[in-house]
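For reference, the structure is listed below as structure tokens.
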Amino acid sequence: MGSIDDADRADAVASRVQPVWDRVIEDAGATAEAYREDDWDAIVCHPGDVTAVGDADVERADARTGIDVLVPDDEFERVAAAVEGTGEFDEVEVFRAEENGIVFVVAALENATAETAILVPAYYDVRNAENFLSTVAREGELRLHVRPLDCRRVFTFAQDDPSPFLPADAD
């Protein structure tokens, strides 16, 4: 069970995220429209929860590290259908902003063969992400996990160049 300090910290982060998060979601939608104008299919994820996880944050060696994004079941099913289709999601364009000590990103995962993009908004609090950032620096990659609430399946998109996801002062 979390402590009062954990709850206070979560409330403090939420108060810094909320003013910007709606704009990030709007930007993801606008980016999806740009893909659609180019005759691509675009799937916009609307995260219910986002967690930046480093090695020190997990108890098992085989646990997932990276940015874990919980999406609604209907969106997850659309992501699953796209991932299981033709081609690979082997390119990513990342739109990043930083405000109030929070890194906000919209990752546009691209499959040129299928002309499909999956747009995944995410964020993390730089002040509380030391373990996550250390893991990314050590491994030289960042994994973006998209999953439904029940974790029946998880799609992991590994980014060999994590720099677009990192704070500007980490470049």
Inset, instruction - Report, by residue number, each residue of the range 21-38 that is basic (K, R) and under 19 Å from the mean Cα position of the chain (by Cα). - result: R23
Inset, instruction - Show the residue pairs that are 6+ apart or on different chains and have beta-carbon atoms under 9 Å apart, the first residue being within the range 22-42 and open to solvent by 30 Å² or more (accessible area, probe 1.4 Å), the second being assigned to a loop (DSSP other than H, G, I, E, B) and of a type in the set (D, E, K, R). - result: D38/E115; D39/E115; W40/E115; D41/E115
Legend entry - Sole residue being within 27 Å of R153 (Cα to Cα) and β-branched (V, I, T), chosen from V17, V58: V58
Legend entry - Candidate set: the range 146-157, residues that are more than 26 Å from D39 (Cα to Cα) and of a type outside the set (K, R); chosen: the one surrounded by the fewest Cβ atoms within 10 Å (Cβ to Cβ): D150
Legend entry - Neighbours by Cβ (under 7 Å, 6+ apart or cross-chain): first from the range 150-164, part of a loop (DSSP other than H, G, I, E, B); second surrounded by 13 or more Cβ atoms within 10 Å (Cβ to Cβ) and among the aliphatic types (A, V, I, L, M): R153/A80; P162/V136; P162/L142
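The values are calculated or read from the model by the stated rules, or taken from the named source; none is laboratory data. It should be emphasised that the depicted structure is a prediction, and the values quoted were computed from it without experimental measurement. As a convention, Cβ positions derive from the backbone with ideal geometry for all residues, glycine included, and neighbour counts pool all protein chains shown. All accessible areas refer to the heavy atoms of the entire protein, side chains included, with ligands and DNA or RNA removed. Shrake-Rupley method; radii C 1.70, N 1.55, O 1.52, S 1.80 Å.
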